[in-house]
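Here, each number is a calculation from the coordinates, and none is a lab measurement. This one's a predicted model, so the numbers in the text were calculated from it and none came from an experiment. Glycine gets a Cβ as well: all are built from the backbone with ideal geometry, and neighbour counts include every protein chain shown.
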Amino acid sequence: MSDGTSSSTWVGRIGGVCLLALAIAYGIGGSQIEYAFASDPLGPRVMPVLLAMLLAGLCLIYLVRPGTSERFPRGRLLARILAVPALLVTSVLLLEPAGFAISIFVMTVGVGWVFGAPLRLAVIGGVGQALLWWSVFAYLLDVYLPAGRLFG
Amino acid sequence: MNLDYLWHGFSVALTMQNLLIGLAGCFIGTLVGALPAIGPINGIALLMPIAYTMGLPAESTMILLAAVYCGAEYGGRISSILLNVPGDAGAVMTALDGYPMAKQGRAGEALMLSGLSSFVGGMLGALGLALFAPLLSGLAIGFGPAEYFVLMVFAFATLGSMVGSQPVKTLIGCTLGLMLATVGLDATSGAYRFTFNEPELGDGIDFVVLVIGLFSVSEALLMLEHQAVGVTVIRKLGRMTARLDDIRKSIGATLRGSAIGFVVGVLPGTGASVSSAVSYTTEKRISDTEGTFGKGDVRGLTAPEAANNATACGAFVPMLTLGVPGSGTTAVMLGALMLYNIQPGPMLITERPEVVGGLVASLFIGNILLLLLNLPLVNIFARVLTVPNWLLVPGILVLSIVGVYSTHASVFSIFLMLAVGMVGWLLRKAGFDMAPIILGFVLGNVMEVNLRNALAISGGDIAILFQSKIAIILWVLAIAMAVLPLVAGRRSKAKAPATAVSPETSV
């Protein structure tokens, strides 16, 4: 077995352990759901507990035979991948204070750059997309989007 | 047979507004299909909330989404043929003979022929749907809660055995979906489940948030790793008409592909990736006497292309008549119906004939529009393939944010979408398919409610689940679906390795 597959098997197993932990936590949580009445013989607890047992069982099978998974990214690639959600979080935080257009501009420039565009092109693309989407949604399709508290 | 719903549907689908919506959907769908990274599920997930907030009526939204779905099955072939990179999961097999044809300078012919076979597959699939839907919903009207519960079990059994090559992962995905569906207020007891005192979770996890997170956000992250390197678009298209000889030669393949595609589409949970693979291997077994398959044989091109279009139509059969989606994409459309508070099931066709009929009629109209769009405009669609990822991915992310924000106007739901997207990315890295999660989520509430209703009727006696004839038949089918592939798999293992059905998202 090559190095790549054996390491990805381990990644799969770690995932399996996480899912098993989820099943246990979900099952315990499910068995403690509080309710005043139930109009049916099962009540709200049984389904979650059954699902937790099902998931736990499936996880055990999965842990024995994790099958194939992709190689997990490392180093620079991982940093670039994590930059995308970071940029998204930033633009979502900007959304209501600074408005849709600015928030989208920041995100499109950043993500464009992460995806390998030269900075100048990324900025041009960002301006273009911010204008395009703002006019499409706010004017053409009449979808509500925040204009930004800073300006209003 | 009562086809009144269909005539009513044509009067709905042929209004000016719905025709334009259908045309827009066909166009967007072809683009979505042609782009290698995004498939029909992404297109529909991103359009669904926008159509809803624009205030489109349910039937118009369904027409739009169905047009996108069918358009994507047409569009997928373009990048398969010109790039050797399938535009969506249903077009994987199209590349096997389509790309060699393009390399021989016959790209234009391949596009035309596959466009024609897509049309035949789509039309036959729509016809099958129109005839089959009233029959099946008539049968299912006798279903009580117990039968419904068993039907869901059957749906998951089919899914576990047919989607992807790793059944355990598929079943884990379904279970995760079912678990996510339990979040929120439990209607029968008034209990809040897994809401962690967060008021925004009181109504449960929102469908739009889940779908966009699982598909679009995680896809954007995956694209960073899978940036295609060294693929070149074949620019020389050659003659842009199909040869009469080739058409004659591929009639049989197209018809067989359509039939296989429709049947696979009707089975719950299996989509175009399965049907195109089955039709290609079947056609190869029947017709490949001279070993020309894989070297640009027109029959190898047209069979899977007809199949994936017929599958798209077939997948609507269980969705519209039973409320059980026939593919990942129809699962998302089922969620769209629920946005409109429409409960799918056998009564849908009589209660909301404008929705069912409008959708079915729009498939006929849409296929004609798609043929008209695809033959002359194929050059324009081919140019889309050159849009760089650094423009495309931010665009997808903008649409994701707008989709979620427009339905909720809350920043919390966008953060939830991001979290779901990250988890989805991890799961996809580990080889999990996202479609079963959506299927589980969509069916989760219905499954639990029916189980509890059934047991309320019987006073807690689980024998009710095994009492009626229909229920017993469904149990037998479910067990057969779960066990047969294992037996067949063991047998064929000795022979050649199984055909690669990529466990991709866009089933």
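For B:59, A:96, which order do you get if you count the other beta carbons within 10 Å of each Cβ and list the fewest first?
Fewest-to-most ranking of B:59, A:96: A:96, B:59.
What is the mean projected area of the alpha carbon convex hull for chain B, to one decimal in square nanometres?
For the Cα atoms of chain B, the hull's average projected area reads 23.1 nm².
Taking a point 7 angstrom from the Cα of residue B:426 along the C-beta vector, which residues in the range B:174-190 have backbone N less than 16 Å away?
Backbone N within reach: B:176-177, B:180.
Determine the sum of side-chain charges near residue A:58: Lys and Arg each +1, Asp and Glu each -1, restricted to other residues whose C-beta is under 13 angstrom from that of residue A:58.
+2
Among residues other than residue B:192 whose Cβ falls under 14 Å from its Cβ, what is the net charge (Lys/Arg +1, Asp/Glu -1)?
My count for the surroundings of residue B:192 gives -3.
When B:215, B:412 are ordered from fewest to most other Cβ atoms inside 10 Å of their Cβ, what list results?
Fewest-to-most ranking of B:215, B:412: B:412, B:215.
Round to the nearest 0.05 the FRET efficiency obtained for residue A:35 and residue B:458 when R0 = 30 Å and r is the Cβ-Cβ distance.
With a Förster radius of 30 Å, E is 0.90.
By average Cβ neighbour count within 10 Å, what is the ranking of B:332-340, A:25-33 from highest down?
Put in order of decreasing packing, that is B:332-340, A:25-33.
For residue B:355, what is the net charge nearby, where nearby means another residue's Cβ is under 15 Å from its Cβ and Lys, Arg count +1, Asp, Glu -1?
-3
Provide a whole-number value for the mean count of partner chain Cβ atoms within 10 Å of the Cβ atoms in peptide B:43-51.
Mean inter-chain Cβ contacts per residue within 10 Å come to 1.
Please report, in Å, the Rg and the Dmax of the range B:167-325, where both are computed over Cα atoms only.
Rg, Dmax (Cα atoms, Å): 22.2, 68.
Report the far tail of the P(r) of the range A:75-140, meaning the percent of Cα-Cα pairs longer than 16 Å.
Value for the range A:75-140 (Cα pairs over 16 Å): 48 percent.
Along the Cα→Cβ direction, 7 angstrom out, place labels at residue A:14 and residue B:241. What is the inter-label distance in nm?
Inter-label distance under the simple model: 6.1 nm.
Given contacts defined as C-alpha pairs under 8 Å and at least six residues apart, what's the relative contact order of chain B, whole-number percent?
Relative contact order of chain B: 29 percent.
Dipole of the range B:104-202 (Lys/Arg Cβ +1, Asp/Glu Cβ -1, origin at the Cα centre): which of B:135, B:191, B:118 lies farthest to the positive side?
B:118
Checking the a/c ratio against 1.5 first, then a/b against b/c, what shape does the Cα gyration tensor give for the protein assembly as shown?
Rounded.
Write down Rg/Rh for the range B:338-449, rounded to two decimals, with Rg from the C-alpha atoms and Rh from the Kirkwood relation over Cα pairs.
1.04
Can you pull the percent of Cα pairs in the range B:22-106 with separation above 22 Å?
29
In peptide B:431-438, how many Cβ atoms from other protein chains are near each Cβ within 10 Å, on average?
Neighbouring Cβ atoms belonging to other protein chains average 2 per residue here.
Please report B:206, B:88, B:433, A:142 as a ranked list, fewest other C-beta atoms within 10 angstrom at the top and most at the bottom.
Ascending Cβ contact count within 10 Å gives the list A:142, B:206, B:433, B:88.
Output the direction-averaged projected area (hull surface divided by four) of the convex hull of the alpha-carbon atoms of the range A:3-64, in nm².
4.4
Which trypsin sites (Lys or Arg not before Pro) in the range A:75-152 sit in a loop by DSSP (not H, G, I, E or B) and have at most 12 other Cβ atoms within 10 Å of their own Cβ?
The qualifying sites are A:149.
Can you tell me the relative contact order of chain A? Whole percent, Cα pairs under 8 Å, sequence separation 6 or more.
Relative contact order of chain A: 22 percent.
Would you mind working out the magnitude of the charge dipole of chain B relative to its Cα centre, with +1 at each Lys and Arg C-beta and -1 at each Asp and Glu C-beta, to the nearest 20 Debye?
The calculation lands at about 1600 debye.
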